[in-house]
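The values are calculated or read from the model by the stated rules, or taken from the named source; none is laboratory data. In this text, all values refer to a predicted model and were calculated from it rather than measured experimentally. Neighbour counts run over all protein chains shown; Cβ positions are idealised from the backbone, glycine included. With ligands, DNA and RNA removed, areas are computed over all heavy atoms of the protein, side chains included. Shrake-Rupley method; radii C 1.70, N 1.55, O 1.52, S 1.80 Å.
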Amino acid sequence: MTAAGPLAPAPPRAPQDPGSAAAAPVSLPAPRSAPSPAAVLTPAPAAGEVRTEQGPFTDRVKLTDTRLTTAGTPSVTGHVAISSDVSDTLALEITAAYYDAQGRLLGTGTFQYQEEGEDAHAQEHHDGPRAAGDGIDFTVPADRLTGTPASAVLSIPVLVNE
């Protein structure tokens, strides 16, 4: 058995003048974002189909009346209600990935909802739809598509409620 020798002392550090030294950069974790949509859906979805991708919030909401509209600016419309409790929704984001008839990704779109300020909780001061109870009607417009969509996949990367 060999014994380890003494550790060499660390080299001396030069004293730093706190007034002249720049603060060491702080490394923060990268912000989290929604996962990228699949480049190709297999099997290809049926024409007009709107799927909901399973995610961390899909068990807390109920999406109804979802439909793809291709006239004008393509979009997905529908209704979302919180199914896990009856609290107000403070922030919600719904993304749509748009696909052609062969299941190839054409582009995406985003719907964002956020309660604003203290008046957001007083129904008489809230101009938009209420997120508690009946839920929210939404429209996810497509942004810069490379073709005409035949289907869409919805995901919910953000949901904050009281």
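Ranked from largest to smallest solvent-accessible area, with a 1.4 Å probe on the protein heavy atoms, SER83, SER151 come out as SER83, SER151. The label point for THR42 and the one for THR148, both projected 7 Å from the Cα toward the Cβ, are 2.8 nm apart. Within region 43-100, the proportion of C-alpha pairs whose separation exceeds 12 Å stands at 73%.
Pop a pseudo-label 7 angstrom from the Cα along the beta-carbon direction at both THR139 and THR64 and give the gap in nm to one decimal. Inter-label distance under the simple model: 2.1 nm. Given R0 = 45 Å, the distance between the Cβ atoms of GLN114 and ALA71 translates into a calculated FRET efficiency of 0.95.
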